[in-house]
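Contents: one structure, followed by commentary.
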Amino acid sequence: MLYTFIQYLFRIIFYTVFRVRIFGREHIPQEGAVILAANHASNIDPPLMASLIKRPVSYMAKSELFENPIFGGLIRRCHAFPVKRGASDRGAIKAAVNILKEGRVFGMFPEGRRSKTGALQKAEGGVALIAAMTGAPVVPVAILNTHRVFANGGILPALRIMYGKPLYFQGDRKDKEDLALFSNEIMQQIACMRDELNCK
């Protein structure tokens with residue numbers, strides 16, 4: 001109930017305040033495991049990516065956010081779980097794998113951190129590794145203009161988001177080069193979709 005309420009609340013905000021336009025929702029599988037992999041430029045990216053689709057989305061969130069018991073409890077009820085940044089957190093990876101094994105939707109940001117300028121950064125290996133471990137399809141997600149929210153006069157920018165066609169890891173999950181190639185493929189697809197959004 002809480003997740004549904006917050007989802008609708010954010011949906012109203014994004015449609016009315018930020019005049020969001022959405023493309024490609026038909027590419028998200030209606031059932032079964034799927035990873036949503038998006039570029040990351042703002043704290044509003046997770047609710048933006050999740051609130052505009054029907055299926056609930058689970059996220060990793062930096063462990064510091066759970067230190068406040070009220071806020072931490074709130075985001076836990078919205079399907080978030082903690083991850084330790086700057087280190088390989090096996091517990092967080094296991095939690096993500098379990099979510100996908102249950103046939104749910106898991107949201108990730110391949111870059112691992114926000115881009116203050118909105119420019120795309122190099123992908124880390126987490127998304128490719130989890131896709132390789134689970135066989136889940138990866139839906140690349142391009143988000144445009146969230147870096148301008150409350151920044152340098154861009155208080156209420158019009159937001160754009162595009163969900164792309166699913167990508168599947170085809171290599172050897174133990175091969176670092178195969179994982180890196182898949183990570184790059186995801187980011188290249190996001191880059192192409194962002195270019196397309198700039199023309200809409």
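The values are calculated or read from the model by the stated rules, or taken from the named source; none is laboratory data. All values derive from a computational prediction rather than experimental measurement. Reconstructed Cβ throughout: ideal geometry from the backbone, glycine too, with neighbour counts over all protein chains shown. These area figures cover heavy atoms from the full protein model, side chains too; ligands, DNA and RNA do not enter into them. Shrake-Rupley method; radii C 1.70, N 1.55, O 1.52, S 1.80 Å.
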Would you give the gap between the C-alpha center of segment 115-172 and the C-alpha center of segment 1-42, rounded to a whole Å?
13
At q = 0.16, 0.17, 0.19 Å⁻¹, what is the log10 ratio I(q)/I(0) for the chain, with the Debye formula run over Cα points and no solvent?
-1.06, -1.22, -1.55
Pop out the carbon and sulfur fraction of the accessible area of the chain as a percent, whole number, probe 1.4 Å.
54
Can you compute the radius of gyration and Dmax for segment 104-174, using only the Cα atoms, both in Å?
14.8, 47
Compare 195, 89 by solvent-accessible area with a 1.4 Å probe and give them largest first, with all protein chains kept in place.
195, 89
In Å, what Kirkwood hydrodynamic radius results for segment 21-95 from the alpha-carbon pair distances?
13.9
Residue-normalised accessible area of segment 68-155, expressed per residue, 1.4 Å probe, Å²:
54
Under a point-charge model restricted to the Cβ atoms of Lys and Arg (+1) and Asp and Glu (-1), what is the dipole moment magnitude of segment 81-144 relative to its Cα centre, in debye to the nearest 20?
200
Listed pairs 165/200; 62/176; 54/174; 116/174; 101/200; 84/200 exceeding 29 Å between Cα atoms
54/174; 116/174; 101/200; 84/200
Just how much of residue 71 is accessible, in Å², when a 1.4 Å probe is used and the result is rounded to the nearest 10?
100
